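J.: Input: one structure, supplied below.
The values are calculated or read from the model by the stated rules, or taken from the named source; none is laboratory data. No experiment lies behind these values; they were computed from the predicted model shown. Cβ coordinates were reconstructed from backbone atoms using ideal geometry, including for glycine residues, and neighbour counts include every protein chain displayed. Ligands, DNA and RNA are excluded from the accessible area calculation, which covers all protein heavy atoms including side chains. Shrake-Rupley method; radii C 1.70, N 1.55, O 1.52, S 1.80 Å.
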Amino acid sequence: MMEHVIVEINEGIALVMINRPKQLNALNKQTLEEIAVAFEAFRDNNDVKVVILTGSGEKAFVAGADIKEFVDFNGEQGTELAKTGHMTVFNIIEEFPKPVIAAVNGFALGGGLELAMSAHVRIASTNARMGLPETSLGLIPGYGGTQRLPQLIGKGRAFEMLFSAKMIDAETALNYGLVNHVVAQEVLLETAQKMASSFMKNSIVAMGLAIEAVNAGMLEGAIGYDVEVQAFGDCFETEDFKEGTTAFLEKRKPTFPGA
Ligand code: DAK
């Protein structure tokens, strides 16, 4: 029984909706586990041809990993959990043999943007805001963001987003190529469904092989994911991380000691 994820399968399209709207759909451990279970079940289900990933409510796709959950982590736990996340959710989605479309219906921050970037295609609503705010918490992205963001938008723009920790709006994301289309929120799901239906007319086998081939071209940089996992874990041992996350939970601006 899923608690934080709603799954619906209809006419070949599986909808996965992250459903913790009070926490802006932040990804806690259980939510990640439920996403993993959902995708595993879709793999051999012939009723599923395309997957759409979205967030519930009108405000957020996913506002990141659940900060309350990782505030007390040490380096080892950080590295371990990043590895598990890569293997059970983010890489699974990227390598999923059927097309995955992210319908970004609001804030997609940190782990939330990383989730959207694992999908093969992104469509955003006009109110969507995207960013990797990790450095403002004394962290780096830990779910593939250091690799997938520059792959999608190039290094210069990716570094600006990583260093500034700022959000970009839907129009900028479109301009960067981070999302393929921007539509009004009322028609976001409908647009994603239309796209899914148009994909479904084509060979599911061929699409799976295209996914495999496109991903293989990125393998050269695969070591970057290992470096990210280790560096991400190292962040948890810093004073800056303690200050960054504590300041967020205390609703104040951080003063980073720089160590
Ligand atoms: N985690 C936990 N709670 C969150 C949250 C988050 N990421 N984002 C929002 N919430 C909660 C807020 O605390 C608030 O809860 P209450 O105070 O009502 O109890 C509620 O959702 C509504 O949020 P706000 O009141 O803040 O809403 P606003 O409209 O004022 O602001 C906002 C919306 C999206 C600008 C703001 O909520 C915000 O800045 N959120 C945090 C964004 C952020 O920094 N996200 C985390 C990025 S870092 C890991 C792997 C990866 C990661 C971590 C660990 N491991 C392997 C261990 C990734 C890290 C990240 O994602």
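J.: So what are region 47-93's ellipsoid semi-axes, whole angstrom, largest first, if each one is the square root of 5 times an eigenvalue of the alpha-carbon gyration tensor?
T.: 26, 18, 5
J.: Considering Cα pairs under 8 angstrom that are at least six residues apart, work out the relative contact order of the chain and quote it in whole percent.
T.: Relative contact order comes out at 20 percent.
J.: For Ser198 and Glu171, FRET efficiency with R0 = 25 Å and r from the beta-carbon atoms, rounded to 0.05?
T.: So, using R0 = 25 Å, E works out to roughly 0.55.
J.: By accessible area of protein heavy atoms, probe 1.4 Å, what ranking do Phe39, Phe73, Phe159 get, highest first?
T.: Phe159, Phe73, Phe39
J.: Another question, if that's okay. Relative to the first principal axis of the alpha-carbon coordinates of the chain, what is the inclination of helix 239-249, with its axis defined by its Cα atoms, in degrees from 0 to 90 and to the nearest 10?
T.: 60 degrees
J.: On to the next question. Using only the Cα atoms, work out Rg/Rh for the chain, with Rh taken as the Kirkwood radius, to two decimals.
T.: 0.95
J.: Multiply the residue gap between Ile223 and Arg43 by 0.36 nm, knock off their C-alpha separation, and tell me the result in nm, one decimal place.
T.: Contour length minus the Cα-Cα distance gives 62.2 nm.
J.: Oh, and also: Pop a pseudo-label 7 angstrom from the Cα along the beta-carbon direction at both Glu80 and Glu58 and give the gap in nm to one decimal.
T.: 4.3 nm
J.: Starting from the Cα coordinates of region 9-86, work out the convex hull volume and express it per residue in Å³.
T.: Roughly 88 Å³ of hull volume per residue.
J.: Of all beta bridges DSSP finds with both residues in the chain, what is the antiparallel percent, to the nearest 5?
T.: 25 percent
J.: For region 81-199, with only Lys/Arg (+1) and Asp/Glu (-1) charged at the beta-carbon, what is the dipole magnitude about the Cα centre, in debye rounded to 20?
T.: Once rounded to the nearest 20, the dipole reads 180 debye.
J.: Straight-line reach from Lys22: which lysines have a Cα under 26 Å away, not including same-chain ones fewer than 8 places off?
T.: The reachable lysines, counting only those whose Cα sits under 26 Å from Lys22, are Lys59, Lys68, Lys166, Lys242, Lys251, Lys253.
J.: Using the Cα atoms of region 155-259, I'd like the radius of gyration and the largest Cα-Cα distance, Dmax, both in angstrom.
T.: My reading of the Cα-based Rg and Dmax gives 19.8, 56 Å.
J.: Shifting gears a bit: What is the spin-label model distance, in nm, from Val187 to Ala210 if the labels are put 7 Å beyond Cα along the C-beta direction?
T.: Using points 7 Å along Cα→Cβ, the separation is 2.4 nm.
J.: As a test of understanding, state the convex hull volume per residue of region 40-191 from its alpha carbons, in Å³.
T.: It comes to 111 Å³ per residue, whole-number rounded.
J.: Mind checking Rg over Rh on region 131-174, alpha carbons, Kirkwood formula for Rh?
T.: Result: Rg/Rh = 0.94.
J.: Then there's this: Mean residue ellipticity at 222 nm from the helices of the chain, using -39,500 (n - 2.57) per DSSP H segment of n ≥ 4 over the full residue count, to the nearest 500 deg cm²/dmol?
T.: After summing the helix terms and dividing by the residues of the chain, the value is -13500 deg cm²/dmol.
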